[in-house]
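Report on the following structure.
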Amino acid sequence: MQGKFTPRLLAVLIATAVSGSAFASGFALQNLTGSGNGNAFAGAAATAEDAGTIMWNPAGMSFLPKGHNISVAGTLLYRDINYSDRGSTTVNAGLFPLGTTDGGNAGGLSLIPAGYWAYGINDQLTVGIGIAPTFGNKTEYDFDFVGRNAGHFAEITQININPSIAWKLNEKVLLGFGIDIAHNETHFRQGLAFLGAAATTNHLDAKGDDWAIGWNAGLMFQLTPSTRIGVSYRSELEFNLEGRQRTSVTDFGSPLLANQDIKAKLKTPASASLAVSHKLDDKWEMLGDIGWTDWSVVDVLQMKNKDTGANLNGLSYNFKDTWRIGVGANYQYNNAWKFRFGIAHDKAPVKHAEDRTMTLPDSDRTWLSFGVKYQISPKSSLDVGYTHIFFDKEKTARAVEFPAGTVRQVINGEWNNSVDSLAFQFNHNF
């Protein structure tokens, strides 16, 4: 039987490819274009080099060649997430046993796809659409992980469909606006810290999804023929997730652990960027940006019974707002080859070791990137970019409570994490 191609099916198909993994701060995904990966995405809101500008700054579509502009990107992302226990404790090893291992590498390989199309209606108006994952994270430890009762699996996948329009006010000022149509699916699993020996197999599984609508806008100022400034903003989104909670416990009798329909409110943060592009000469272009993300809207993901609204389990993040700064350069070697370089520093939204979760063990990180663009023909080009991200070593002192307010375990440990990404992007104008 032939099925219907619905927006939900589109989200599912992309999510299947994403097995998503965050490598910007929190659970944001920075890898929205392959071309930007070679510059550590420095100056992305000011470059407007290809149709991927839809996600960074929609005003940049006005700088694209006339006709149709298409960019298709894919990023291979490999994360090393390695936990080392440093003396986790439990109030009663017989009744509330800890796991026995460090859980293995909780990262792994992901494919992050993205696609963009822009078309100039006339000299003043350009329209376009982008489809890319803007938030995502997948972390999975072995179930015998010492911190399993604080969480051993999490997957957040958020796909953004972004129709956009750009208006060239004059040769100096360009405006852009877009609508964000986003689908979020969030899935968690954790062990249950009670029932003695049965705690080695008991678990709770919760999953929900929803659609939300937001907006983004941008400005570009061509100050001189060689200097451009870009300003962009993307709004907060609020998802009213609905789904199902399932548990292996059948005889404990707690309503917190019953199999039931659930709901939860999840906000993904607003963000803003100020970027600059300056051409020193015909060969060198310098790039820079500073970005802000409103991570403080992510506090507690509180699950509730869908019918009664009664509080069930909750996951506390207690995030703070963050800043990012990046610098980069492009070198036009000849008509066919352009080389890219970039470095960036990204702050983590985690306030304290007590707030650092097992499945999102975030820390401050530094990006080191390089890439190349090859002009295949006057109408087609290929970008390749590589990034290594160095994460600061950070600790956790995460409490496991059951019920809420009663501490059963404290997970004490530290992480040694890193990320490598290799991005490809094909661009074509016709």
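Please treat every number below as a calculation from the coordinates, not as lab data. Small disclaimer: the values here were computed from a predicted structure and weren't measured. Cβ coordinates were reconstructed from backbone atoms using ideal geometry, including for glycine residues, and neighbour counts include every protein chain displayed.
Out of G385, L77, N412, whose Cα points farthest toward the positive end of the dipole of the stretch 7-429 (charges: +1 Lys, Arg; -1 Asp, Glu; placed on Cβ)?
G385
Give the distance, in whole Å, between the Cα centre of the stretch 318-379 and the Cα centre of the stretch 29-52.
Each part reduced to its Cα centre gives a spacing of 9 Å.
I'd like the Karplus ³J(HN,Hα) series for the stretch 127-132: coefficients 6.51, -1.76, 1.60, θ = phi - 60°, whole numbers in Hz, and an x wherever there's a Gly or Pro.
These are the phi-based 3J(HN,Hα) values: 10, x, 8, x, 10, 7 Hz.
Would you pull out the residues with amide H under 5 Å of D180's amide H, same chain only if 5 or more places away, H placed 1.01 Å from N?
Distant-sequence amide H within range of D180: G214, W215, N216.
Could you point to the residue in V400, L204, G243 farthest towards the positive end of the chain's charge dipole, with +1 and -1 charges on the Cβ of Lys/Arg and Asp/Glu respectively?
Comparing the listed Cα positions along the dipole, G243 ranks first.
Taking springs between alpha-carbon atoms closer than 10 angstrom, which of N170, N57, N31 fluctuates most in the Gaussian network model of the chain?
So, out of N170, N57, N31, the one fluctuating most is N170.
When we measure straight from the Cα of K379, which lysines land under 17 angstrom away, once same-chain ones fewer than 8 places off are left out?
Straight-distance partners of K379: K66, K338.
Calculate one ³J(HN,Hα) per residue across the stretch 214-231 by plugging θ = phi - 60° into the Karplus curve 6.51 cos²θ - 1.76 cosθ + 1.60, and present them in order as whole Hz with x for glycine and proline.
My calculation for the stretch 214-231 gives x, 8, 9, 8, x, 10, 10, 10, 8, 5, 9, x, 10, 10, 9, 10, x, 10 Hz in order.
Which ordering of I229, I262 is given by a fewest-first count of other beta-carbon atoms within 10 Å?
Numbers: I229 17, I262 20.
Arranged by neighbour count, lowest to highest, I229, I262 become I229, I262.
For the chain, modelled as a Gaussian network with Cα springs under 10 Å, which listed residue fluctuates most, Q158, Q190, Q302?
Q302
Show the residues, 5+ positions off or on another chain, whose built amide H is closer than 5 Å to the amide H of G314.
M303
Neighbouring Cβ atoms within 10 Å as the yardstick, rank D80, D281 fewest first. Can you show the working numbers first?
Values: D80 15, D281 8.
The fewest-first ordering by Cβ neighbours comes to D281, D80.
If you build a Gaussian network model of the chain, linking Cα atoms that sit under 10 Å apart, which residue out of R356, R86, R398 swings the most?
R86
Of the peptides 205-212, 159-166, how do they stack up when ordered by the mean number of other Cβ atoms within 10 Å, highest first? Could the numbers behind the result be given before it?
On the way: 205-212: 19.2, 159-166: 23.6.
My ranking of the peptides, most packed first, is 159-166, 205-212.
Assign unit charges at the C-beta atoms only (+1 for Lys and Arg, -1 for Asp and Glu), then state the dipole size of the chain relative to its Cα centre in Debye, rounded to the nearest 20.
Computed charge dipole of the chain: roughly 520 debye.
Give me the dipole magnitude in Debye, nearest 20, for the stretch 45-175 about the Cα centre, with unit charges on the beta carbon: positive for Lys and Arg, negative for Asp and Glu. All intermediate terms of the calculation are to be shown ahead of the outcome.
Details: 7 positive and 11 negative charges, 75 e Å.
The dipole of the stretch 45-175 has a size of about 360 debye.
Over 32 Å between C-alpha atoms is what I'm after, so list which of K304/K351; K172/K283; K207/K351; K347/K373; K320/K373 land there. Each step should come with its number before you reach the end.
Details: K304/K351 26 Å; K172/K283 23 Å; K207/K351 26 Å; K347/K373 29 Å; K320/K373 37 Å.
From K304/K351; K172/K283; K207/K351; K347/K373; K320/K373, over 32 Å: K320/K373.
List, in order, the whole-Hz ³J(HN,Hα) value for each residue of the stretch 176-183 obtained from phi through the Karplus relation with A = 6.51, B = -1.76, C = 1.60 and θ = phi - 60°; use x for Gly and Pro.
Taking θ as phi minus 60°, the curve returns x, 8, x, 10, 9, 10, 10, 10 Hz for the stretch 176-183.
What residues from the stretch 348-383 fall in the zone where the backbone N is under 15 Å from a label point 7 Å along the Cα-to-C-beta line of D392?
Counting only backbone N, you get 348-356, 361-367.
So for the pair R86, N122, with labels modelled 7 Å out along Cα→Cβ, what separation do we get in nm?
6.4
So for H183, H345, fewest C-beta neighbours within 10 Å to most, what's the order? The partial results should precede the final answer.
On the way: H183 22, H345 15.
Least to most surrounded, the residues fall as H345, H183.
Could you tell me how many degrees, from 0 to 90 and to the nearest 10, lie between the Cα long axis of helix 7-18 and the main elongation axis, the longest principal axis, of the Cα atoms of the chain?
80
Restrict the search to the stretch 194-294; then list the GluC sites (Glu not before Pro) that DSSP places in a loop and that have at most 11 other Cβ atoms within 10 Å of their Cβ.
Passing sites in the stretch 194-294 do not exist.
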